[in-house]
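The values are calculated or read from the model by the stated rules, or taken from the named source; none is laboratory data. Predicted model, so just to flag it, every value in this text is computed and none were measured. Note: ideal-geometry Cβ built from the backbone for every residue, glycine included; neighbour counts use all protein chains shown. All accessible areas refer to the heavy atoms of the entire protein, side chains included, with ligands and DNA or RNA removed. Shrake-Rupley method; radii C 1.70, N 1.55, O 1.52, S 1.80 Å.
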Amino acid sequence: MSGAIGGFAEAGDAADATVAASTDPGMANAAEDVRALRALAELRTASGVTALWTIDLSTRTLSELFGPSKLWQTLCGEQLDLPEVLTRVHTDDRDRLREAVDSSAGGADFEQRFRMVDRYGDERWLHARARYLDAGRPRLVGLVDDVTEHTQLVRRLADRRRIEAAQARRVNELAAKLVSATTVDEITGLLTHDFLPIFSGASSAVMLVEDGALVPYPASEADHPPFARIAGRDAADTSFPMGAVIRDSQPRFYDNRAEVVERFPAVRELLPHVRSQAWATVPIFGDGRSAIGVWQVAWNEARSTPPDERALMLTLAGLAGQALQRVRAQAAQLELADAVQQRMLPGKPPQLSGLDLAVRYLPARQGSRVCGDFYDAIQLSENRVGLVVGDVQGHGVEAAAAMGQVRIAFRAYAKNRFDPGEVLAETNRMFAEGVDEDVSFSTCGYLVLELDTGRMRAAWAGQPPLVVASEADYEIWQPATGPPVGVDPDSTYPVSERLLDPGQTLLMCSDGLLESTSVPMDEGLAQVGQALISQQTNVEETASRLVELTPAGRGDDIALLVARMWDRHICGIGDQ
């Protein structure tokens, strides 16, 4: 034994202690206590994670009690000076440990947790505790525990909790994206790419049932092996896992190749073409309990899919199924809305000698695709044409119905009225008297163009100004305007005139092309004016360029009409 404890003698004089104990009962009891204490020390230090120690505070000498123990030999070896030991304590802990020892010299107990490099160069976490004793010489007597494994375990648990918390946040974020996704490719892309790292998978696939066959999604994955080998297979073919899942709507999980081949021998032909070793295949449900597709995650090593991962996959597949049903329903509604809108608008503009015409209609990106913006070109007598662009307030079926009424009224009155102001006034009276309470007014612009002279006569009801452009410049023409149609049945509308010269291009449009909350109308007019200058030769190209430009964005519906006078027609030469 290299040290003593309390006021007991050094154990090296064991014979004298035995003789004294045989003649003095008190000494005999003390000797028994020492032996009991040694036995307890041996029990405590036998595990290799605890050692008993003492520091002589007067000499700053550190030594072991009841040694040697495995931990002490690993940490210090023989008796050491405290300054020498402190050199192996982590620099972030060294000053704190030294201050604690100095504080104990004044009679305080000691307890510290610190890092220290052992004799073999490994860093260890230690927890040291000691009592202050002063039986002739002041010293600390205590024990030290190696808590490295415990500290590492706590850290691993903390890291795991952080990872799980981060993963949970990621799942919630992606689930929210599923709910808000607007296309089939977006939904299936979330399953095949974004969710894959959550399960530590190597690959993933989504197959949807279309016309009884399996179709891979997203569409960009269709040509990638092994999807191409599965695409087009009968969805009811239960010789493969995906078909079986679709048939009975039950998920299937296979930990290795042997399991899947035993259940589905036909899979053997596909295995040489893939690296996968384990699979999880879950159904994607529609409105009922019938599967509209499957989602499969694969791993490149054999593994068992734990219950929490199985439950999460089923939950996410359920959300994806709801999102797919919603997107498909919306697509059907949009298809119907487009058909309705096209039926409400006129067909191709008339073919006129001396004038080229092009028209476009764009619904807003958000909201109903059925709306009240409209255009029309009406062939009139005496080689004239009536051009109309308007915007009925609101969106939806009511606005579209009102738009149809206004357009039909324009056509009817234009055929029987020569003056554009009278045409607009009659249309206003009809609209104001028969307007639906959900649609209160409409802005309109009506222009009659004489093809022989280029004379334009315009009546305006709150519409944006026109843009007239040549190869060198553009002008903004704002005809005198009356109130929007439908506000006052007795309103009258003044008529403004100007010429459209040969080779000039005219633009009439609704305000959705020109202005928004972030783009003022003046800025929008300037952009379309420059576009008209650069696109002077072909009205169809001009209209397409304006559709690409859309200065105000696509937050509102857009109707536009582009007209261009032929260069030679007014000169009386015409086409030969």
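Residues in region 492-504: is at least one open to solvent by 70 Å² or more (accessible area, probe 1.4 Å) and within 23 Å of G390 (Cβ to Cβ)?
Within region 492-504, one or more residues are open to solvent by 70 Å² or more (accessible area, probe 1.4 Å) and within 23 Å of G390 (Cβ to Cβ).
One residue is enough: does region 224-241 have a residue meeting the conditions buried (at least 18 other Cβ atoms within 10 Å of the Cβ), touching a Ser or Thr at 6+ places or on another chain (Cβ under 8 Å) and either of a type in the set (S, T, Y) or at pLDDT 90 or above (or both)?
Yes, some residue in region 224-241 is buried (at least 18 other Cβ atoms within 10 Å of the Cβ), touching a Ser or Thr at 6+ places or on another chain (Cβ under 8 Å) and either of a type in the set (S, T, Y) or at pLDDT 90 or above (or both).
Restricting the search to region 505-557, which residues are open to solvent by less than 50 Å² (accessible area, probe 1.4 Å), acidic (D, E) and part of a helix (DSSP H, G or I)?
D511
Report the residue count in region 280-299 for those that are open to solvent by 30 Å² or more (accessible area, probe 1.4 Å) and among the hydrophobic types (A, V, I, L, M, F, W, C).
If we filter region 280-299 for residues that are open to solvent by 30 Å² or more (accessible area, probe 1.4 Å), which is where we start, we get 285, 287-290, 296.
Within this subset, residues satisfying the condition of being among the hydrophobic types (A, V, I, L, M, F, W, C) are 285.
Within region 280-299, residues that are open to solvent by 30 Å² or more (accessible area, probe 1.4 Å) and among the hydrophobic types (A, V, I, L, M, F, W, C) number 1.
Among the residues of region 242-279 satisfying the criterion of being of a type in the set (D, E) and over 21 Å from G212 (Cβ atoms), which is most open to solvent (accessible area, probe 1.4 Å)?
E262
How many residues, within region 452-485, are assigned to a loop (DSSP other than H, G, I, E, B) and either under 45 Å from the mean Cα position of the chain (by Cα) or basic (K, R) (or both)?
The first filter runs over region 452-485 and keeps only residues assigned to a loop (DSSP other than H, G, I, E, B), leaving 452-454, 463-465, 470-473, 478-480, 482-484.
If we keep only those that are either under 45 Å from the mean Cα position of the chain (by Cα) or basic (K, R) (or both) too, we end up with 463-465, 484.
Selection size over region 452-485: 4.
Could you pull out every one of the strands (runs of 3 or more DSSP E) wholly within region 207-299 that has 2 or more residues that are in contact (Cβ under 8 Å) with a residue 24 or more places away in the chain and of a type in the set (A, V, I, L, M, F, W, C)?
Working: elements: 213-217, 252-254, 278-285, 291-299.
Here the list reads 278-285, 291-299.
In region 300-313, what residues are assigned to a loop (DSSP other than H, G, I, E, B) and open to solvent by 30 Å² or more (accessible area, probe 1.4 Å)? Write out each step before concluding.
First, the residues of region 300-313 that are assigned to a loop (DSSP other than H, G, I, E, B): 300-306.
N300, E301, A302, R303, S304, P306 - these are the residues of region 300-313 that are assigned to a loop (DSSP other than H, G, I, E, B) and open to solvent by 30 Å² or more (accessible area, probe 1.4 Å).
Could you name every one of the helices (runs of 4 or more DSSP H) located completely within region 37-109 that has at least 1 residues being open to solvent by 50 Å² or more (accessible area, probe 1.4 Å) and in contact with a Leu (Cβ under 9 Å, 6 or more places away or on another chain)?
Counting at least 1 such residues, we get 82-86, 91-104.
Name the single residue, out of those in region 125-134 being of a type outside the set (S, T, Y) and modelled with pLDDT of 90 or more, that is surrounded by the fewest Cβ atoms within 10 Å (Cβ to Cβ).
The qualifying residue surrounded by the fewest Cβ atoms within 10 Å (Cβ to Cβ) is R131.
Looking at (1) at pLDDT below 95; (2) surrounded by fewer than 14 Cβ atoms within 10 Å (Cβ to Cβ); (3) among the aliphatic types (A, V, I, L, M), find the lone condition where A480 falls short.
So A480 meets the others, but not (1).
Please determine, by comparing only the residues of region 174-212 that are out of contact with any helix residue (DSSP H, G or I) (no Cβ under 9 Å at 6 or more places or on another chain) and on the phi < 0 side of the Ramachandran plot, which one is most open to solvent (accessible area, probe 1.4 Å).
H193
List the strands (runs of 3 or more DSSP E) inside region 340-451, counting only whole elements, that have at least 3 residues being under 39 Å from the mean Cα position of the chain (by Cα) and modelled with pLDDT under 90.
It comes to 371-380, 384-395.
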